[in-house]
Amino acid sequence: MINEIQALLDKYTAWLKDNTSLRQVNEWVEITTPYLDRHNDALQIYVKRMGSSYSLSDGGFIIEDLTQSGCQLISPKRQSLLKMTLNGFGIQLSDDKKLEIHASSDNFAQRKHNLVQAMLAVNDLFYLAEPMVQTLFLEDVIGWMEIHEIRYTQNIKFTGKTGYDSLFDIIIPKSRLKPERIIDAISRPTKQVAQNLVFKWIDIREVRPPESKAYAFLNDTDQSVPSDVLDALRNYEVNPILWSNREAVLDELAS
């Protein structure tokens, strides 16, 4: 059995070596690894000699990619998650958002491995756990509302006509110009999730003021929202708001 496992490890080492390539880029050496990010692109790291040691970096790709994908790393919770993840691999975050680590000739292989694993972990950090994704998307919605000084109350529970309690993410109180607005933030818009919101809204609408309105912020950062989700919401008078089109409803929510 030991010989069998050793043979498998030898094959893994050979695969890693055969699928790693080097390229000189000015004073840096670019290492293309066989490890893939969430776009199925090969991860690349950069190495530069610093005296008797080496500096290894991701070139700023990981943080920039998340930012370009709409995953802003600005909230305290996200910053805490990022710091905890990097600390687990001994990786530093530079002022210009590069993942970095220093190595000697003795520990280069381990440090290089740590950097690659940290890149994979940070790349996946905000997409793996559904509850975490939901929390982070809600933070984005709240952050946007606060930037635009939209008054709101968070985590409001209503008892519906069935006698069951329903929790909603946000309520914007009635104003002189607009009625009460009840809002849920949906990070992964599926038909089932949309139906759940519809059921909550149907259950409470008779116990709320008749002019109250319901809205759903829908996260379309990484994928388009299916048409059946939009139809399910509109059919029961829940107004869908695509996150990419949020500015279109700013006046409606801020009034």
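Taken together, the values in this text are just the output of simple stated rules run on the coordinates, not laboratory data. Not measured: the values here are computed from a predicted model. Using ideal geometry, Cβ is built from the backbone for each residue, glycine included, and neighbour counts are taken over all protein chains shown.
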Selection from 115, 79, 219 lying farthest towards where the dipole of the chain points positive, charges on Cβ
79
Mind checking the dipole of the chain: about its Cα centre, +1 per Lys or Arg Cβ, -1 per Asp or Glu Cβ, Debye to the nearest 20?
460
Can you work out the FRET efficiency for the pair residue 50 and residue 72, with r the C-beta to C-beta distance and R0 = 30 Å, to the nearest 0.05?
0.40
Have a look at 185, 154, 202 and report the one farthest towards the positive end of the charge dipole of the stretch 130-254, computed about the Cα centre with Cβ charges (Lys/Arg +1, Asp/Glu -1).
202
Given a Förster distance of 30 Å, the FRET efficiency implied by the Cβ-Cβ spacing of residue 32 and residue 196, rounded to the nearest 0.05, works out to 0.10
Using 0.36 nm times the number of residues separating residue 227 and residue 64, minus their current alpha carbon distance, what extension gain do you get?
55.6 nm
To the nearest 20 Debye, how big is the dipole of the stretch 1-86 about its Cα centre, given +1 on the beta carbon of each Lys and Arg and -1 on that of each Asp and Glu?
320
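With a Förster radius of 35 Å, plug the Cβ-Cβ distance of residue 23 and residue 87 into 1/(1 + (r/R0)^6) and report the FRET value to the nearest 0.05.
Computed FRET efficiency for residue 23 and residue 87: 0.70.
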Normalised convex hull volume, the chain, alpha-carbon set, Å³ per residue
181
Ranked by Cβ crowding within 10 angstrom, fewest neighbours first, how are 252, 146 ordered?
146, 252
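Taking Cα pairs under 8 Å and at least six residues apart, what relative contact order does the chain come out at, in percent? Intermediate values should be presented prior to the final figure.
Working: 363 pairs, mean separation 29.7, N = 255.
It rounds to 12 percent for the chain.
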